[in-house]
């Protein structure tokens, strides 16, 4: 009966992990079929454990693969990989459940009552198997298992985990209890490797989807451009026909003296109407193209899109060109990295600072770029305005300091940026660009690298940098 409960827990955990890893919903009557299958296989496992214990795990895996393949209709290759991985996770769950019961509950339980102890382990096993999927990043399982390139590594690790689990049977049968800690430690190591495998491949899958989405958007944009080229080509073709016609009419009108005054006026009005209509059509085309060129790319986050549209209009009133470029999923950034309110506040103050800096140098360019570099989100705000004073750099985060009081500046913006970066343990990098060689004069970078660094990249003279020497958290990189 003890082994029946142990097998039942392993089978139920394996099935649960399988469904969660592939993010599947239960088919009709799945629970009924699973109950019957679990009881039947657990009963069979009692006999295999008695007469051929080394075949118990292979028989269980093959049986579960056949059952899940037929009930979920998932391709065989994916079913084999996922079942092996799920079975390894169920054994790791069993190990941790046994350790928890052994460490924290054995003193309160009767050691002779093995059945009751196994039931407690079974209860903890079912409880623990839900925990990984409470993490927001893991709630959708392992979507990368549908990709053979990513699935093979997990299957290989799972294979070694199950071999190690099988050795515990050999150790138990040969009374080698002193060696029991070795497979336990190995399984713990494999558990850590599987955790890293899960984390890494979720990131890779996300990046693959991001590239696919960018490719789709690029293809969609190219299709629109092709349509626009065809449309403009038709207009040019029409103009090539109409303009010579109008030129002929006008030439005839100017060189003919036999037409009456009444006909002259009529012909002149007719020609003028045609020219006015052509002018209005072309004016509409030019206006539409101007709007298209000025529109910022969408972040798919309504609040951020509204903010950027407002800041672009604000910059436009100052004769400043604000552009944006996004090479990552901003919606994911808002969901996983930083709250929408904090990102909104951050971009508000960064762009306001760039607009003010441009006004004081008669600069004309601002570029907002949000991207992923080596799995880290970066926000870059480049402008062609004046640099920060040494005083502002030295007191950033310590005091509300501004050099633009005449423009309504009070230092709250820079202080708020400091507080938000501290909240998310993000780094702040000021990169001062030689203005003689580039459109932009500085680049403010916020890196969500969990390092909380403060870096200044500059070519300022040492006499000016000496004012910053007391700032021990500031790393200065000479260009």
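Based on this model, can you work out whether residue 117 counts as within 42 Å of the chain's Cα centre (by Cα) and modelled with pLDDT under 80?
Details: within 42 Å of the chain's Cα centre (by Cα): no; modelled with pLDDT under 80: yes.
In short, no.
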Practice item. Kindly check whether there is at least one residue in the stretch 53-63 that is crowded, with 17+ Cβ neighbours inside 10 Å, at pLDDT 90 or above and assigned to a helix (DSSP H, G or I). Key: yes
Study note, to complete from the structure: If you go through 85, 40, 76, 94, the only one that is under 35 Å from the mean Cα position of the chain (by Cα), on the phi < 0 side of the Ramachandran plot and surrounded by fewer than 19 Cβ atoms within 10 Å (Cβ to Cβ) is 76
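Give the number of residues within the stretch 363-373 that are at pLDDT below 85 and closer than 17 Å to residue 448 by Cβ. Spell out the reasoning first.
To start, the set of residues in the stretch 363-373 that are at pLDDT below 85 comprises 363-364.
Restricting the remaining residues to those that are closer than 17 Å to residue 448 by Cβ gives none.
So the answer is 0.
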Exercise for review: Kindly indicate the residue of the stretch 308-338 that is over 22 Å from the mean Cα position of the chain (by Cα) and part of a loop (DSSP other than H, G, I, E, B) and also surrounded by the most Cβ atoms within 10 Å (Cβ to Cβ) among those meeting that condition.
Suggested key: 320
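From 341, 305, which residue is over 20 Å from residue 418 (Cα atoms) and either in the same structural domain as residue 443 (by TED's automatic domain parsing) or assigned to a helix (DSSP H, G or I) (or both)? Working first, answer last.
Working: 341 fails: over 20 Å from residue 418 (Cα atoms).
After ruling out the rest, the residue left standing is 305.
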Review point. Does at least one position in the stretch 142-156 carry a residue that is at pLDDT 80 or above and not in a helix (DSSP H, G or I)?
Key: yes
Practice item. Would you mind listing the helices (runs of 4 or more DSSP H) fully within the stretch 376-479 where at least 2 residues are at pLDDT 85 or above, within 32 Å of the chain's Cα centre (by Cα) and closer than 23 Å to residue 324 by Cβ? Key: 412-423
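The values are calculated or read from the model by the stated rules, or taken from the named source; none is laboratory data. It should be emphasised that the depicted structure is a prediction, and the values quoted were computed from it without experimental measurement. Heads up, the Cβs are rebuilt from the backbone with ideal geometry, glycines too, and the neighbour counts pull from every protein chain shown.
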